[in-house]
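Below: the structure, in structure tokens.
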Amino acid sequence: MKILFVYPDINVRGGALSYHYGLGSLSSMLKKSGHQTALQYLYGNYDPKPLIQKIEEFKPDLIGITTVSFQYKYIKRLLKDISNYGIFTICGGPHISLAPYELEKTDHLNAICVGEGEYALFELVNALEKNEDITNIKNIWVKKDGKIYSNPGRPFIENLDELPFVDRELFDFQEIIYSDYDRAEFMASRGCPYSCTYCSNSGLRKVADGKYVRFRSIENVIAEIKDVVTRYKVKSIYLNDDVFTINKEYVENFCKLYKKEIGYPFEINTRVENLTLDMLEILKDAGCYRVAMGLEQGDEKFRREVLNRPMSNKKILEAFSLAKQVGLKTKTFNIVGFPFETVENHMETVRMNREIQPSSIVIYIFEPYPGTPLYDVCIENNFIEKEREEEEFVSRTDTFLKLPMFPRKEILKCYRRFPWRVYRGKSLKRALLFKIYYSKYGELLIRLMSPFKKKIQRFAIN
Ligand code: B12
Ligand code: SF4
């Protein structure tokens, strides 16, 4: 069968193209058993024309679309715009997995996949090909003759090594590497052991039974990295796992083999609780150049009570200071505009970042995702206008919430001024670069300056 995947990445801020591991994994699985796959990557402003053209050229039997919450409004438009082709449509991904009720509400959508899709989509495609019943496949919900057939989930895939390497060829992967500062991304694991109240992991861990946090074997990850760096021009590696450092022994053994077999500079995401001086030294020795950690909110009590992030401020400062001590660059992730947050709380986030002085900084505006505890809080407290919610998702650069304690105008002000407040008087070049990046016209400027972005990054961040 011919399967056309759609990666909607419409009106996303930041200017970099990105790879999608989920679609890459589904594609590998299907190709392995003789099916044909193709991709339509939708980037920039909403425009269904490239998808329509691809449908006419590729003539797919099934269209599979991946979903995050703020893309769902575009996905509904796409489904309508391609409905005259009468092709079987299925959505998967974090949004639909946590909001499966969308199947009933969405026109021209035939099915959804709740949770991991490799085996489920494989069974669905085979059943469709043989004209067999498709209403009882685990993880797949089907809408047929106005009736919804919802099926139970299958356990999380226990041994990730049994999956083929993700299909990089589905995308123009070299182009993605170039657009991300010559960096290639990998994932050694699935899942996260924590349950921060704003993060989809808190809901995704409940969609199936079995072990949620799983690591591939080190040999398997190294073999994949080796394969990719020999086929593509790559200068550095990004291990984009939710938290790479959960298991100290894994990190130690990974670093040993990575240093021997790969040796490229690499970056990881981690949590402050996991970091010790010796682990950081091992990472540095293996070629790690930067650790990225979520700070999110600087007020300890707020973090603990509202975000379910119980680490102390002392622990956060200590982790960043240890990273710097061993010569690693650092990056903080931050969010502004949580329910019940005030400007005073936010200024604690600024204060912590001022003290840390990370080499790089990321700030988002809070967006409530269905299936997370903070989404329910927003509903219970009428912070969301339910009927406008979907239209209003804005990729974490604005807010549609009505928070009595933190009006939108103040949130936007805090968001735009954040980097300046953090770096002012400490690092002029970072203060200026990030001020531009987070300004009202930052997105436009970034796109205009994209031919020079590697030079700018070297100048301001390194
Ligand atoms: C890596 C990553 C990225 C990467 C890669 C993009 C991507 N979408 O994968 C980058 C950095 C580019 C990114 C960007 C963004 N991300 Co992100 N990202 C992740 C992260 C950490 C891992 C995703 C991953 O690869 N998992 C492993 C793969 C194998 O799983 P998967 O993608 O879920 O796919 C499986 C199933 O979902 C299913 N499936 C998925 N799609 C489909 C389609 C079909 C047809 C079928 C049948 C099945 C199926 O089968 C797959 C294989 O089992 C997740 C956190 C998480 N725990 O998932 C957040 C996460 C997906 N991101 C999130 C967000 C919000 C974003 C951004 C909107 C951020 C922004 N800029 O504002 C953008 C959106 C980009 C986009 N258009 O998708 C949220 C989404 C929440 C939500 N409900 O919307 C998550 C869940 C984190 C969170 N905060 O809760 N992200
Ligand atoms: S630690 Fe990060 S990935 Fe894990 S639940 Fe919290 S925010 Fe999500």
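Taken over the alpha carbons of the stretch 2-150 as equal point scatterers, the Debye sum produces base-10 log I(q)/I(0) values at 0.08, 0.16, 0.17, 0.20 Å⁻¹ of -0.19, -0.83, -0.95, -1.38. All other residues with a Cβ under 14 Å from the Cβ of residue 132 taken together, and with Lys, Arg as +1 and Asp, Glu as -1, what is their net charge? Combined, the nearby Lys, Arg, Asp and Glu give -1.
Enclosing the Cα atoms of the chain in their convex hull gives a volume equal to 142 cubic angstrom per residue.
Suppose R0 equals 22 Å. What FRET efficiency, 1/(1 + (r/R0)^6) with r the Cβ-Cβ distance, do residue 47 and residue 107 give to the nearest 0.05? Write out the running numbers ahead of the final one.
Working: r = 20 Å, r/R0 = 0.92.
Calculated value: 0.65.
In loop segments of the stretch 121-171 as defined by DSSP, the trypsin sites (Lys or Arg not before Pro) with at most 10 further C-beta atoms inside 10 Å of their C-beta are 130. Summing charges over all other residues whose Cβ lies under 11 Å from the Cβ of residue 236, with Lys and Arg as +1 and Asp and Glu as -1, gives -1.
Taking θ as phi - 60° and the Karplus parameters 6.51, -1.76 and 1.60, the scalar couplings of the stretch 232-244 work out to 10, 7, 10, 10, 8, 10, 10, 8, 8, 5, 3, 9, 7 Hz in sequence order, x denoting glycine and proline. Measuring between their Cα centroids, the stretch 277-316 and the stretch 32-105 lie 37 Å from each other. By other beta-carbon atoms within 10 Å, ranking 213, 251, 291 with the fewest at the front produces 213, 251, 291. Comparing 29, 94, 139 along the charge dipole axis of the stretch 2-150, the residue lying farthest to the positive side is 94, per the Cβ-charge model.
Orientation-averaged projection of the stretch 14-92 equals 5.6 nm² [convex hull of Cα atoms, one quarter of hull surface area]. Taking other residues whose beta carbon is less than 13 angstrom from the beta carbon of residue 47, and scoring Lys, Arg as +1 and Asp, Glu as -1, yields +1.
Most simply put, the stretch 172-461 has about 10% antiparallel DSSP beta bridges, counting only bridges with both residues inside it.
Using Cβ contacts closer than 10 Å as the measure, can you line up 192, 113 from fewest to most? Don't skip to the end; give the middle numbers.
Working: 192 21, 113 27.
Ranked by crowding around the Cβ, least crowded first: 192, 113.
Taking the centroid of alpha carbons for each part, the stretch 222-238 and the stretch 362-377 are 34 Å apart. Rounded to the nearest Hz, the phi-derived 3J(HN,Hα) couplings of the stretch 360-366 under the Karplus curve 6.51 cos²θ - 1.76 cosθ + 1.60 (θ = phi - 60°) are 9, 9, 10, 10, 10, 9, 4, where x marks glycine and proline. For the chain, the cysteines with no partner cysteine C-beta closer than 4.7 Å are 91, 113, 192, 255, 288, 378, 414. Applying 1/(1 + (r/R0)^6) with r as the Cβ-Cβ distance of residue 144 and residue 59 and R0 = 22 angstrom yields a FRET efficiency of 0.40.
Assuming R0 = 22 Å, what is the FRET efficiency of residue 305 and residue 333, from their Cβ-Cβ distance, to the nearest 0.05?
Using R0 = 22 Å, I get an efficiency of 0.65.
Taking 0.36 nm per residue of separation and subtracting the Cα-Cα distance, full extension of the segment from residue 249 to residue 229 would add 4.7 nm.
Read-outs: derived from the displayed coordinates by stated rules, not from any lab. Computed from a prediction, not measured in an experiment: that's the story for all the values here. Positions of Cβ are backbone-derived with ideal geometry, glycine not excepted, and every protein chain shown enters the neighbour counts.
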